[in-house]
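The values are calculated or read from the model by the stated rules, or taken from the named source; none is laboratory data. Just so you know, these numbers come straight off a predicted model, no measurement behind them. Quick reminder, even Gly has a Cβ in these numbers, built from the backbone with ideal geometry, and neighbours come from all protein chains shown.
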Amino acid sequence: MNRKMILCFVVMCLLAFSLQIAFAAEAPNKLPNIKILATGGTIAGAGVTSTTTVGYTAAVTPVGKLISNVPELAKVANVSGEQVSQIASESMTMEIWLQLAKRVNQLLAQDDVDGIVITHGTDTLEETAYFLDLVVKSEKPVVLVGSMRPGTAMSADGPLNLYRAVILAGTKEAAGKGVMVMLNDTINAGREVTKTITDRVDTFQAPIIGALGVFTGDQPVFYRKSLRKNTTETEFDVTNLKSLPRVDIVYHYAGNAGTMIDAATNAGAKGIVHAGTGDGSIGKQEYPAIENALKNGVVVVRSARVGSGIIARNGEADDDKYGFIASDNLNPQKARILLMLALTKTTDVKEIQRMFWEY
Ligand code: ASP
């Protein structure tokens, strides 16, 4: 080797070395940081055999195992988990809601958290989603996910739902869309979605309005945005809340004479959501119980048991005369959530009606 060749070799080595350094500096880990908060449900459920899709036990798999069961998550996000509760969601409590909401707000205030996924049972998933939609104080994505089949079942839907929920929570376009629900290839708004079928994977629907978007492969595609105020735009704040006012739902049916309205009033309810027939109608025989509730300072919201549609104010009942609130298109379980939060601010029925038009 002559001197020229040696020089050339040294220059090439130096070049290769500096290129390597430059490449390493330009290629940091660009994956989003996603926190998974686990609450239980069928997505954490286990059955005796692979064909057990009923009669399984919900809420047994811990969050660490939910994550390690889907190693593909590591390709789309830096994922870490926390166990908030381990319950079937029919046993959800207001205490857990407050704890969950406070934790979500804490985490989203951190620079090193880009989005949150909450694993949840499907029975009350829509309620937790709407509650968070009203009290989360961040535009970063929050996605609720569940499954209709336990993790041990043939064709379990949980792993793919979780994988996509994590992708969604790490997607820039998902920011500012309110709290979302991700199951069965479909992205829905927490305010609008409801469980419509007892036992099918396509159970989550937003009646009349439709989904926000869908997944195609690993790609979320949005088609619209909910126009109702949510998250950072709401007036609700859970920071110092230790409990929520009691609000009961009373279901109307032919022959109902108001017994359950009296029961709610006597139990100390601050609000009652009337799940009326049709367009929120109230039976003649219920009125004495309702008037007694109003006299006792209970705030009454008219919703409907039919599952979709708007309650026409002053339509099936004289809302102005009685001081009722029409629930807009919120189903009874969602109207209850908004009424609970409204009652943390005011008992003025005009103000509460304004909130029902806004949220
Ligand atoms: N009962 C279960 C729950 O809500 C159902 C489910 O997760 O699909 O926790």
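Of note, residue 145 does not satisfy the criterion of being in contact with a helix residue (DSSP H, G or I) (Cβ under 6 Å, 6 or more places away or on another chain), away from the ligand (no atom under 13 Å from the Cβ) and β-branched (Val, Ile, Thr). Residue count for the range 91-122 under the criterion of being touching a strand residue (DSSP E or B) at 6+ places or on another chain (Cβ under 7 Å) and either within 16 Å of the ligand (Cβ to nearest atom) or not hydrophobic (A, V, I, L, M, F, W, C) (or both): the result is 13.
Results for (1) out of contact with any Pro (no Cβ under 8 Å at 6 or more places or on another chain); (2) not hydrophobic (A, V, I, L, M, F, W, C), shown as yes or no for each residue.
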{"site": "165", "(1), (2)": "yes, no"}
{"site": "176", "(1), (2)": "yes, yes"}
{"site": "182", "(1), (2)": "yes, no"}
{"site": "194", "(1), (2)": "no, yes"}
{"site": "201", "(1), (2)": "yes, no"}
{"site": "204", "(1), (2)": "yes, no"}
{"site": "207", "(1), (2)": "yes, yes"}
{"site": "215", "(1), (2)": "yes, no"}
{"site": "227", "(1), (2)": "yes, no"}
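Among the strands (runs of 3 or more DSSP E) confined wholly to the range 106-184, which include 3 or more residues that are in contact (Cβ under 8 Å) with a residue 60 or more places away in the chain? The qualifying strands (runs of 3 or more DSSP E) are 115-119.
Take the conditions free of Cβ contacts under 8 Å to residues at least 40 places away in the same chain, of a type outside the set (Val, Ile, Thr), over 22 Å from residue 356 (Cα atoms) and out of contact with any strand residue (DSSP E or B) (no Cβ under 6 Å at 6 or more places or on another chain) and apply them to residue 240. Does it pass? Here the answer is yes, as residue 240 does meet what is asked.
Would you confirm whether or not the range 282-302 contains a residue that is touching a Lys or Arg at 6+ places or on another chain (Cβ under 6 Å) and farther than 17 Å from residue 244 by Cα?
no
Looking across 153, 88, 77, 129, one residue alone is away from the ligand (no atom under 16 Å from the Cβ) and in the same structural domain as residue 203 (by TED's automatic domain parsing). It is 77. When the residues of the range 54-74 are narrowed to those that are within 12 Å of the ligand (Cβ to nearest atom) and surrounded by fewer than 19 Cβ atoms within 10 Å (Cβ to Cβ), which ends up farthest from residue 182 (Cα to Cα)? Filtering the range 54-74 for residues that are within 12 Å of the ligand (Cβ to nearest atom) and surrounded by fewer than 19 Cβ atoms within 10 Å (Cβ to Cβ), the one farthest from residue 182 (Cα to Cα) comes out as 55. The set of residues in the range 288-345 that are β-branched (Val, Ile, Thr) and closer than 23 Å to residue 189 by Cα comprises 301, 306, 310, 311, 337. Here residue 148 meets the list (1) over 17 Å from the mean Cα position of the chain (by Cα); (2) under 16 Å from residue 195 (Cβ atoms) almost entirely, failing just condition (1). With respect to the conditions (1) farther than 19 Å from residue 356 by Cβ; (2) surrounded by 15 or more Cβ atoms within 10 Å (Cβ to Cβ); (3) polar (S, T, N, Q); (4) touching a residue at least 60 places away in the same chain (Cβ under 8 Å), residue 194 lacks only one, and its number is (1).
For the range 164-186, the criterion of a residue being within 13 Å of the ligand (Cβ to nearest atom) and surrounded by fewer than 24 Cβ atoms within 10 Å (Cβ to Cβ) is satisfied by at least one position.
Would you mind stating whether residue 325 is touching a residue at least 12 places away in the same chain (Cβ under 8 Å), more than 24 Å from residue 228 (Cα to Cα), of a type outside the set (Phe, Trp, Tyr) and surrounded by 23 or more Cβ atoms within 10 Å (Cβ to Cβ)? No, not satisfied.
If I filter the range 229-242 for residues that are in a helix (DSSP H, G or I) and touching a helix residue (DSSP H, G or I) at 6+ places or on another chain (Cβ under 8 Å), do I get at least one hit? Yes - at least one qualifying residue is present in the range 229-242.
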